[in-house]
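Sharing a structure here in structure tokens format.
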């Protein structure tokens, strides 16, 4: 208990004085996870919407696969991206391994099934209600998918946020492809793991508090935007 | 202007779902000019008939043939208004602009066309309001404005006033009349016999998926030709037995 209170006090002091190391780590975490979610969204949202609206052979199998991938372990994604990007791997020549870019790629892959599967689900529900009207207006598959993504923008905000939560809180993938190099690829989760094992509990705890606060603040912000929008738009 | 869509010819159209026959060998021809109202008890297949004609449902057997084909991808020349208006989370104006975009109207013309469509149904004052928080009557008028704005040759209406109070219903009927006056063929399903009497030129009476009676509206209400239609009118208008409707 004593350790905890002592570490807690030091942690808050670090946060309060905006400790340089702490700030650097937080900035990299945010940069990597926001980029990865943005990158993943660019593919996952259109795919999810298309899977909800389009009818083609093999759609059922694709949806099942996507849902199964929701349980994808972060370390496995890390390992796969590591193999792709390592010197001997097919993309080794790009020299991306142990860079923040590699971390972005790994996290983007990690959150892709989550974003696509949840998007597919909400778009499919909306499609059931609006299909006849959209077909009546003459909207094709892509127009309908796009229109529903726009229509569901506030719900999608929550989904994107869930993706961000998964990205910023995972440790396995970024540890493997980033290497947790101080000042280069060290993010909050890898730092917490390292500092805990080193015994630097204040820094680990400080980062933990910041991580929690960030995720909480984002959720509060997103849900208040969503509530306000829903009151306005019905 | 492309060749006319009408007349529409249905030949032995049947629709079976889950082993139940919803439409049973319906054959009919719809021509320009008249306001056609589809009547019949619940489960008679009225809504399904409308959807089959509009192309939302493919018939199990039989053919639905327009006088000229709608080219796939081209703006549609028929429109439909549903019992529950389907509106998107945009402003009233935004909903209309979206429909114009789908119809391939150039962006520069959309705003003006959408605004004039709103004006025609008396909704210009709420153009910027979110569509989905409008009252039921306003939402349905907006849906009508959206359909009308696209200048369809045929407009299908599936119980457009089922959920509305008498005042809102009158407003909707006024708009439907105006759309008819502007030259659009009206095909409407209703359960409101007063409305059918006010709006119909001809009646299609469905019963158990079959088209059992068809004819001039005034004659239909005065002296229905079939026992089914007589029983339906009797049930819906019980006072009719004593009145000389």
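Want the number for residue A:216 to residue A:131: 0.36 nm per residue separation, take away the alpha-carbon distance, what's left?
27.0 nm
In addition: For residue B:4 and residue B:27, what does the FRET efficiency come to when R0 = 22 Å and r is the distance between their Cβ atoms, rounded to the nearest 0.05?
Computed FRET efficiency for residue B:4 and residue B:27: 0.60.
When the helix-only estimate is applied to chain A (DSSP H runs of n ≥ 4, each -39,500 (n - 2.57), divided by the residue count), what is the mean residue ellipticity at 222 nm, nearest 500 deg cm²/dmol?
Helices in chain A give a 222 nm mean residue ellipticity of -27500 deg cm²/dmol.
Let me ask something additional. Once you order the gyration tensor axes a ≥ b ≥ c over the Cα atoms, which shape class does the stretch A:17-159 get: rounded for a/c under 1.5, otherwise prolate or oblate by comparing a/b with b/c?
It comes out prolate by the Cα gyration axes.
Mean-square fluctuation check for chain A, GNM, Cα pairs under 10 Å: which of A:195, A:170, A:132 is largest?
A:132
Right, next: What does the structure give for B:86-94 when I average, per residue, the other chain Cβ atoms found within 10 Å of the residue Cβ?
Other-chain Cβ atoms within 10 Å of each residue's Cβ, averaged: 4.
What's the angle, to the nearest 10 degrees (0 to 90), between helix B:136-149's Cα axis and the longest principal axis of chain B?
Once rounded, the angle reads 80 degrees.
Rounded to the nearest angstrom and ordered from largest down, what semi-axes does the equivalent ellipsoid of the stretch B:125-179 get from its C-alpha gyration tensor (root of 5λ)?
Its equivalent ellipsoid spans semi-axes of 18, 15, 10 Å.
Can you work out the PRE-style zone for residue B:60? Point 7 Å along Cα to Cβ, and I want the residues of the stretch B:188-232 with backbone N under 17 Å.
Flagged as within label range: B:207-211.
Taking chain B as the reference, fit the longest principal axis to its C-alpha atoms, fit the long axis of helix B:92-102 to the helix C-alpha atoms, and give the angle between the two in degrees, 0 to 90, nearest 10.
Orientation of helix B:92-102: about 80 degrees from the principal axis.
Can you compute the FRET efficiency between residue A:227 and residue A:94 using 1/(1 + (r/R0)^6), with r the Cβ-Cβ distance and R0 = 35 Å? Round to the nearest 0.05.
0.20
Still on this model: Mind telling me which of B:203, B:126, B:22 comes out most flexible in a GNM of chain B, alpha-carbon contacts under 10 Å?
For chain B, modelled as a Gaussian network with Cα springs under 10 Å, the answer is B:126.
Next question. Calculate how large, on average over all directions, the projected area of the Cα convex hull of the stretch A:77-234 is; give the answer in nm² to one decimal.
Seen from a random direction, the Cα hull of the stretch A:77-234 projects 12.0 nm² on average.
Take every Cα pair under 8 Å in the stretch A:158-213 that's 6+ residues apart, average their separations, divide by the length, and report that relative contact order as a whole percent.
Computed over the stretch A:158-213, the figure is 25 percent.
Still on this model: If you take the C-alpha gyration tensor of chain B, multiply each eigenvalue by 5 and take the square root, what semi-axes do you get, largest first, in whole Å?
In descending order, the three semi-axes are 31, 22, 16 Å.
Also, I was wondering about something else. Tell me the angle of helix A:2-16 to the major Cα principal axis of chain A, expressed in degrees between 0 and 90 and rounded to the nearest ten.
It is inclined by approximately 70 degrees.
Can I ask one more? Where a ≥ b ≥ c are the square roots of the eigenvalues of the C-alpha gyration tensor, would you call the stretch A:125-198 rounded, which needs a/c under 1.5, or, failing that, prolate if a/b is larger than b/c, or oblate?
prolate
Sorted by mean Cβ packing within 10 Å, highest first, what order do the peptides A:21-32, B:83-94, A:67-78, B:143-154 take?
Final packing ranking: B:143-154, B:83-94, A:21-32, A:67-78.
Counting partner chain Cβ atoms within 10 Å of every residue's Cβ in B:74-81, what's the average?
3
Percent of alpha carbon pairs in the stretch B:62-121 separated by more than 16 Å?
Percentage above 16 Å: 58.
Using only the alpha-carbon atoms, what does the stretch A:7-88 span along each of its principal axes? Please give whole angstrom values in decreasing order.
58, 36, 21
Follow-up. What does the extension gain come out to for residue A:9 and residue A:54, with contour length at 0.36 nm per residue minus their alpha carbon separation?
That works out to 10.7 nm of additional length.
Please state the shape class of the stretch A:58-118: rounded when a/c is under 1.5, otherwise prolate if a/b exceeds b/c and oblate if not, all from the C-alpha gyration tensor.
prolate
Residue A:75 versus residue B:191, label points 7 Å from Cα toward the beta carbon: distance in nm?
For residue A:75 paired with residue B:191, the spin-label model returns 6.1 nm.
To the nearest whole number, what is the average tally of beta carbon atoms from other chains within 10 Å of the beta carbons of peptide A:136-144?
Taking all residues of A:136-144 together, the mean is 6.
Over all distinct Cα pairs, what is the inverse of the mean 1/r for the protein assembly as shown, reported as the Kirkwood hydrodynamic radius in Å?
Result for the protein assembly as shown stands at 26.5 Å.
Thinking of the stretch B:1-124 as a set of Cα atoms, what percent of all their pairs are more than 23 Å apart?
Counting every Cα pair in the stretch B:1-124, those more than 23 Å apart make up 46 percent.
For the stretch B:99-160, report the translational diffusion coefficient in µm²/s to the nearest whole number, using Stokes-Einstein at 25 °C, 0.890 mPa s, and a Kirkwood Rh over Cα pairs.
200 µm²/s
Hey, if you drop one equal point scatterer on each alpha-carbon of the stretch B:137-223 and run the Debye formula without solvent, what base-10 log of I(q)/I(0) do you get at q = 0.15, 0.22, 0.26 Å⁻¹?
-0.58, -1.14, -1.39
Taking only C-alpha pairs under 8 Å that are 6+ residues apart, what is the relative contact order of chain B in percent?
26 percent
If we sort B:69-78, A:111-120, A:200-209 on the protection proxy, mean other Cβ atoms within 10 Å, highest first, what's the order?
With the highest mean Cβ count within 10 Å placed first, the list reads A:111-120, A:200-209, B:69-78.
I've got another one for you. Please find, in a Gaussian network model of chain B (springs between Cα atoms separated by less than 10 Å), the residue of B:124, B:204, B:49 whose mean-square fluctuation is greatest.
B:124
Using the alpha-carbon centroid of each, what span in Å lies between the stretch A:71-128 and the stretch B:193-234?
63 Å
What is the calculated FRET efficiency for residue B:108 to residue A:184, with r their C-beta to C-beta distance and R₀ = 60 Å, to the nearest 0.05?
Here the calculated transfer efficiency is 0.70.
Next question, about the same structure. Taking only C-alpha pairs under 8 Å that are 6+ residues apart, what is the relative contact order of chain A in percent?
About 32 percent, as a whole number.
Every number in this text was worked out from the coordinates using simple rules, so none of it is lab data. Keep in mind that this is a model prediction, so the values were computed, not measured. We place every Cβ from the backbone using ideal geometry, glycine too, and count neighbours over all the protein chains shown.
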